[in-house]
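Every number here is computed from the coordinates shown, using simple stated rules; none is lab data. Values in this document were obtained by computation on a predicted structure and should not be read as measured data. FYI the Cβ positions are ideal-geometry reconstructions off the backbone, even for glycines, and counts take in every protein chain you see.
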Amino acid sequence: MLRYLLFPFFAIPIFLEAQTPTFSRLYDENDLFQSIEATTVIDNNKFLLTGFNVGFGGNDFYIWNITINQYGDTISTAKILGDTLTYYYIGFQSSIKLNNHVFWAGSREKHINQTQESDAYLMKSDSLGNKIRENIFGGSGYEAIDAMVVNRNQEFLLAGISYSFTDTTEGDIYVVKTDTTGEVIWQKSWGVNNFQERCWGIDTTADGGYVITGSQGIDSQSSVFVIKIDSLGNQQWKKNFSGKRIPHIKTLQNGDFLLTTGAPVNGSIDQAKIVRISPAGNILWLKHFPGTEWHAWFSYPTESNDGALVLAGGEMEFDSTNGNYWVLGTLTKTDAQGNLIWKRQYYTRHDLDNYFFGMIPTSDLGFLMYGFAYRDSNNRQDAWVVKVDSLGCLEPGCEGSVAAPEAEATAVALNIYPNPLPTALPWSRLTNPCPACACST
């Protein structure tokens, strides 16, 4: 069943009386598809949500920036449009606030004479998301940036995939180091020929280097990797792991690394997976977490001051009667050894798909998750943002349970927009925007 990406016209938010402001909200442009793919803390009470909008028939394609307060109320919006045949995509881990400006990275596609060109970019905006400039990187082939981090010297490291420098058929790891003006300090691409390798996550390390993670191979041959590089981009070690979901990596307080993904265990059903890795690349422990009924995965992790781990993700529920499934967003807390403390589920409607692309901790000790949610029978999509307290609760009373009460995370979307749906969308990422999330089947 192919599921098109969609957006809702209007949403009724949930406001709850709690010490930490919480909400579950949908954001819509009255168009086919909106999604939030990166989020930046502007100050303690404001967030810049960065995603994109796609109109009906594939028109009105633009970067969509929304500034919200701690209650989810919209303060301002800004659009960044290319020309008629230019489209911008945002990397899933690619938004950074630095010196009162916001930087993000991704890919810029140009469609000319029925051909497609794609370059990597680094874009700078003001704190409200109004574009100031962009820098373009790459060669003659396809490039995309999916993750970015800034080091102590205020230099950016961008990571993704390139088809220009080594493997021009399947694509290789692509890493670019720049200063804040976008000037390239160095760029490298490496991998195994005729074997796709793409970076999805990156973080700095205690020794001034970087740790990156990504996927290699496709379909049944896919797995994930973790690579440690020095400040010049030289590989120091590489470890391979089973995994079919987009992996992410986090450097922990003591210098260890935390890998999060999803991997099949004893068959074809994916379980959420976390791996704690030493700075030398040794596996300290590895844990799997099965879903409630079907596939499960972890995406973005963070670490509490006490060493506990909090992981955003998702899982599928399966209706064996009609063979249908739906996706729920999840937030899971474990101790420092990966032992489960609690898990919560979130959704807009329990019978539709709801995806978290990322998560950030907030200054009030809560968490903010972002992505998109389908509406009206999995046809259109809206941008979706959920802010919870330190216990993962949208309302008081869920702290006593491992699985949150169903009513806790519900935001109702009103299906009142009449436009017909297009039969297809022209870009591969729109028909499969989250290859690790089983958007289509």
Pseudo-spin-label distance Glu293 to Asn322, built 7 Å along Cα→Cβ, given in nm, is 1.2
What nm distance separates the two modelled labels at Val41 and Gln19, each placed 7 Å from Cα along Cα→Cβ?
-> 1.8
Given a cut-off of under 8 Å on Cα pairs at least six residues apart, what relative contact order in percent is computed for segment 210-322?
-> 17
Determine, from the Cβ-Cβ distance of Asp207 and Ser363 and an R0 of 22 Å, the FRET efficiency 1/(1 + (r/R0)^6), rounded to the nearest 0.05.
-> 0.15
Please work out how much length the chain gains when fully extended from Val265 to Asn99, using 0.36 nm per residue of separation minus the C-alpha to C-alpha distance, in nm with one decimal.
-> 55.3 nm
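Can you tell me how segment 53-103 classifies by the Cα gyration tensor, rounded, prolate or oblate, using a/c under 1.5 as the rounded cut? Write down the numbers at each step before the final one.
Values: a/c = 2.35, a/b = 1.48, b/c = 1.58.
Cα axes put segment 53-103 in the oblate bin.
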Arrange the following residues from fewest to most other Cβ atoms within 10 Å of their Cβ: Asp306, Asp353, Asp230.
-> Asp306, Asp230, Asp353
So for the pair His350, Glu117, with labels modelled 7 Å out along Cα→Cβ, what separation do we get in nm?
-> 5.2
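Ile132 to Lys110: FRET efficiency via 1/(1 + (r/R0)^6), r the Cβ-Cβ distance, R0 22 Å, to the nearest 0.05? List each step's numbers first, then the result.
Working: r = 21 Å, r/R0 = 0.96.
Efficiency for this residue pair is about 0.55.
Decide, for segment 286-386, between rounded, prolate and oblate: order the square roots of the alpha carbon gyration tensor eigenvalues as a ≥ b ≥ c, take rounded if a/c falls under 1.5, and otherwise choose prolate if a/b is larger than b/c, else oblate. Don't jump to the answer; show the numbers that get you there.
Details: a/c = 3.11, a/b = 1.48, b/c = 2.09.
Taking the square roots of the gyration eigenvalues as a ≥ b ≥ c, segment 286-386 is oblate.
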Relative contact order (%) - segment 175-245, alpha-carbon pairs under 8 angstrom, separation at least six | 21
Which ordering of Trp200, Trp237 is given by a fewest-first count of other beta-carbon atoms within 10 Å?
-> Trp237, Trp200
Taking the Cβ of Glu293 as the centre, find all other residues whose Cβ is under 10 Å away and add up their charges (Lys, Arg: +1; Asp, Glu: -1).
-> -3
Using a cut-off of 10 Å between beta-carbons, work out the net charge of the residues near Thr260 (Lys and Arg +1, Asp and Glu -1, Thr260 not included).
-> +3
Using only the Cα atoms of segment 129-197, build the gyration tensor, take square roots of its eigenvalues as a ≥ b ≥ c, and label the shape rounded, prolate or oblate: rounded if a/c is under 1.5, else prolate if a/b is larger than b/c, else oblate.
-> prolate
How far is the Cα center of segment 174-253 from the Cα center of segment 259-334, in Å?
-> 20
Report the net charge of residues surrounding Ala120, where surrounding means a beta-carbon distance below 14 angstrom and charges are Lys +1, Arg +1, Asp -1, Glu -1.
-> -2
